[in-house]
Amino acid sequence: MVLMPTIQLRTAIPGPKSKALAERRTKAVPRGLPHSTPVYVARAEGAVLEDVDGNRYIDFAGGIGCINLGHRSEAVLNAVRNQLDRFLHTCVQVTPYESYVRLAERLNELTPGKFPKKTLFVNSGAEAIENAVKIARAYTGRPAVIAFEDAFHGRTMLTLALTSKTHPYKSGFAPFPGDVYRVPYAYCYRCSYSLKYPSCDIFCARHLEDTFKRVVAHEEVAAVIAEPVLGEGGFVVPPPEYFRVLLEVCRKHNILFIADEIQTGFGRTGALFASERYGIEPDILVSAKSLGGGLPLAAITGRSEIMDAPEPGGLGGTFAGNPLSCEAALAVLDLFAREDLSARANELGEIFQERARKWQDRWPLIGDVRGLGAMQAIELVQSQERREPAEEESKQIVQYCYEHGLIILTAGSYSNVIRLLMPLVITDEQMDEGLDVLEGALESVCEKKGQVAQTV
Ligand SMILES: Cc1ncc(COP(=O)(O)O)c(C=O)c1O
């Protein structure tokens, strides 16, 4: 099955079948599980989705970063088909299988750092972060973890404690596990210290020393955990030297550095892992999302001596590292070895930046254009001088987009960032077509606000 590579709208969006499903869903599924579009998917291929009413969309959401290799990548499908004919589940803690070990070997090799490493597999990003913290505590014998403002690490209780945004993630779910401390991230567009890069000399990273005096003693801290580029927090890209400075502070106090590469991993930022873009070697690197090529899988990869700290039986899970997901992930890594998808991510980033910079010149709504590789975004504001977040306008843009054949997501603590997570296999034509729709959305929303485009 090859879907047409263009947007095709047969009905008003949502179509009648999607509407009927929405009614059933309202009765059957809790309202706490939201969805950003009202369209129900029937099938998908590459960077295109087709809904149950036969409408086709370009996909700039990629299953929130899980589909870097495209929907139904042939290599992933073949790997899963082969495994289907062998066995589905035995539980790796009972009768293990070779693909789990081979995948661990591959990730130990591919993650940054030439030191000996080991990898543990689990089912989801949040579960992986939980395990990374367990392992860091077991190794250091220390309780505390430092996380960042605007961070997102998942929806379980510990990962909610690490996550920053209150509504809708945290509100109503407290109490959360303790010994989690929060410090400002390198969000230069909204610097918590009102400083300017580069004259700030990366004050936000160096300020950790102050945190050790006034908030939590360094000898109590097991790990600092950070996303190399904020995902849900709004695709915030720290300055190039930020993580090197942060790691220097961590090393000085024997504090582990955990990189949450769940959204930044697997080519998204123009390298297999974003840590490579920053020239750092995390003690523990957590990956998930596109690792499984669409199947659920997450990995915790770290220095061998750290990963071996928990005693036998201290780590595990019934479905953790299931055979279908391991085979899919091996196919994902093979594809990265064969094709330079990271280079493609950088090309896609450039295509976006070129257009988005023009949009920023035309419309005051666009406060910031930023990104690394194909992890690109625009932050929308009421005015470029005062930078008040434009949350309502961001919602309207997402709605205009899906009504015109483009699936796209917001992000950010103020829900005012439009982010791009298109599959890296998207063609230039599809990319242009998607950006045309986004431009149409900006034009329409800006016109409504009375913002007339400046000719540039
Ligand atoms: C950076 C980051 N960490 C953790 C998570 C949680 O992953 P999961 O939803 O698989 O639990 C996400 C999910 O969006 C994420 O982007």
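Throughout, read-outs are computed from the coordinates displayed, never taken from laboratory work. Treat the numbers as computed from the prediction; the structure is a model and nothing was measured. Counting neighbours? That spans all protein chains shown, and the Cβs are built from the backbone with ideal geometry, glycine included.
Just for the Cα atoms in the chain, what are the lengths along the principal axes, largest first, rounded to whole Å?
59, 58, 44
Compare the Cα positions of Ala47, Thr37, Leu88 along the charge dipole of the stretch 1-137 (+1 at Cβ of Lys, Arg; -1 at Cβ of Asp, Glu; about the Cα centre) and return the one farthest towards the positive end.
Thr37
What does the charge count around Cys191 come to, taking other residues whose C-beta lies under 13 Å from its C-beta (Lys +1, Arg +1, Asp -1, Glu -1)?
Details: positive: Arg190, Lys196, Arg387; negative: Glu149, Asp150, Asp201, Asp368.
Overall, the nearby charge balance is -1.
What distance in nm separates the simple spin-label points at Ser194 and Glu339, each placed 7 Å from Cα in the Cβ direction?
5.0
To the nearest 20 Debye, how big is the dipole of the stretch 347-456 about its Cα centre, given +1 on the beta carbon of each Lys and Arg and -1 on that of each Asp and Glu?
Charge dipole, the stretch 347-456, about its Cα centre: 400 debye, nearest 20.
What length, rounded to one decimal in nm, is gained on full extension from Val41 through to Glu429, with 0.36 nm per residue of separation minus their alpha-carbon distance? The partial results should precede the final answer.
Values: separation 388, 0.36 × 388 = 139.68 nm, distance 2.24 nm.
The Val41-Glu429 span can extend by a further 137.4 nm.
By DSSP, what percent of the beta bridges with both residues in the chain are antiparallel, rounded to the nearest 5? Could the numbers behind the result be given before it?
Working: 33 of 50 bridges.
In the chain, approximately 65 percent of DSSP beta bridges are antiparallel ones.
Mind computing the radius of gyration and Dmax over the alpha-carbon atoms of the stretch 1-95? Å is fine for both.
For the stretch 1-95, the Cα radius of gyration and maximum Cα-Cα distance read 16.8, 52 Å.
For the stretch 81-95, take each phi angle, set θ = phi - 60°, evaluate the Karplus expression 6.51 cos²θ - 1.76 cosθ + 1.60, and give the result in whole Hz per residue in order, putting x for glycine and proline.
4, 4, 5, 4, 7, 9, 6, 9, 7, 10, 6, 5, 7, 10, 10
Can you give me the distance in nm between label points at Lys358 and Ala20, each placed 7 Å from the Cα along the Cα-to-Cβ direction?
4.3
How do Met307, Met431 line up, fewest other C-beta atoms within 10 Å first?
Values: Met307 25, Met431 21.
If I rank by nearby Cβ atoms, fewest first, I get Met431, Met307.
HN-Hα J couplings of the stretch 436-447 from phi, Karplus 6.51/-1.76/1.60, θ = phi - 60°, integer Hz, Gly and Pro as x?
Result, ordered by residue: 4, 5, 4, 4, x, 5, 4, 4, 5, 5, 5, 4 Hz.
Using +1 at the Cβ of each Lys and Arg and -1 at the Cβ of each Asp and Glu in the chain, identify which of His167, Pro239, Leu107 lies farthest towards the dipole's positive end.
Farthest towards the positive pole: His167.
Exposure proxy check: His153, His218 ranked by fewest other beta carbons within 10 Å?
Numbers: His153 32, His218 19.
Lowest count first: His218, His153.
Work from the charge dipole of the chain (Cβ charges, +1 for Lys and Arg, -1 for Asp and Glu, about the Cα centre) and give the residue of Gly294, Gly154, Leu77 farthest towards its positive end.
Gly154
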